[in-house]
Amino acid sequence: MDSFIQSQQAQEMQRYHLPRFHELPVIEIYLDQLITILHQILHPLFDEETQQCLTASMINNYAKQGLIQRPVKKKYTREHIAYLVFIAVSKQVLSIGGIQQLITIQLDTYPLETAYDYFCTELEHALHAVFSGCEIPADSAVSRTQQSQLIRANAATVAHKIYLAKYLRLFAQEQKKG
C-alpha cells in the first residue's frame with residue numbers, strides 16, 4: 001500500500017482539482033466542445049481502457065431522461081457542465097435513478113452553484129484522503145445536514161472505488177512485469 005500511495009497515480013489523485021462553478025466556461029458551447037471539456041476535467045477519474053467518461057449518446061440520453069436540460073439551439077452552458085460532471089462521477093457508484101434522486105434532493109435545498117461547488121470540495125477531500133491513506137476530513141459544509149451527508153457519502157464511495165480500481169490496475173501491471 002505504501003508504494004501505491006507514493007506512485008504517480010496516487011500523487012495525481014491527491015492533487016486532483018474539479019473546477020468550481022465560476023471556473024466553468026461562461027460561453028455557450030457545442031456538443032463536441034462539451035465532450036472535450038468534460039474529458040479534460042474527468043479523465044483522471046476514469047480508467048480509459050475499461051470506462052467511458054461521457055459520450056454524445058450518453059449526453060443526449062440524459063437530456064431525454066430529464067437529468068439535464070435540453071440544449072438551446074444545440075448549445076450547452078456551464079449549468080450543463082456542472083450537471084454532467086456530477087452525473088459522470090456519480091454514475092460510477094449510483095444508478096441513473098439514484099443520481100436523479102440525489103440531484104432532486106440537493107436542488108430542493110441549495111442553488112445549483114452551491115450544490116455543485118460543495119460536491120467538488122467533498123470529492124477532492126475524499127480523493128486526497130483515500131489516496132494518501134488518511135481519514136476523510138470533517139464536513140466542509142457550514143451546517144451538517146442530511147443533504148450534505150448524502151453528498152459526502154457519494155464522494156467517499158466514488159473516491160474508494162477509484163482508489164480500488166487504480167490500485168488493482170497498477171497491481172496487475174506489476175504482476176505482468178515480474
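Observations, loosely collected:
- The range 106-125 - residue that is part of a helix (DSSP H, G or I) and of a type in the set (Phe, Trp, Tyr) and, of those, surrounded by the most Cβ atoms within 10 Å (Cβ to Cβ): Tyr116
- Selection status of Tyr83, in contact (Cβ under 8 Å) with a residue 12 or more places away in the chain, buried (at least 20 other Cβ atoms within 10 Å of the Cβ) and of a type outside the set (D, E, K, R): yes
- Filter result for Gln149 (under 17 Å from the mean Cα position of the chain (by Cα) and either surrounded by fewer than 16 Cβ atoms within 10 Å (Cβ to Cβ) or in a loop (DSSP other than H, G, I, E, B) (or both)): yes
- For the range 33-52, the criterion of a residue being more than 25 Å from Leu127 (Cα to Cα) and surrounded by fewer than 17 Cβ atoms within 10 Å (Cβ to Cβ) is satisfied by at least one position.
- Close pairs (9 angstrom Cβ cut-off, 6 or more residues apart or separate chains): within 16 Å of Glu12 (Cβ to Cβ) in the range 158-178, aromatic (Phe, Trp, Tyr) and part of a helix (DSSP H, G or I) anywhere: Ala159/Phe131; Ile162/Phe131; Tyr163/Phe4; Tyr163/Phe131; Lys166/Phe4; Lys166/Phe131; Tyr167/Phe4; Leu170/Phe4
- Filter result for Val93 (closer than 27 Å to Thr55 by Cβ, of a type in the set (A, V, I, L, M, F, W, C), outside any helix (DSSP H, G or I) and within 15 Å of the chain's Cα centre (by Cα)): yes
Results for (1) out of contact with any Ser or Thr (no Cβ under 6 Å at 6 or more places or on another chain); (2) surrounded by 13 or more Cβ atoms within 10 Å (Cβ to Cβ); (3) among the hydroxyl-bearing types (Ser, Thr, Tyr), shown as yes or no for each residue.
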position: Thr77; (1), (2), (3): yes, yes, yes
position: Lys91; (1), (2), (3): yes, yes, no
position: Gly97; (1), (2), (3): yes, no, no
position: Thr104; (1), (2), (3): yes, no, yes
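Computed from the coordinates by the stated procedures, all read-outs in this text should not be read as laboratory data. Remember, it's a predicted structure, so these values are computed and weren't measured experimentally. Methodologically, a virtual Cβ is constructed for each residue, glycine included, from the backbone with ideal geometry; neighbour enumeration extends over all protein chains shown.
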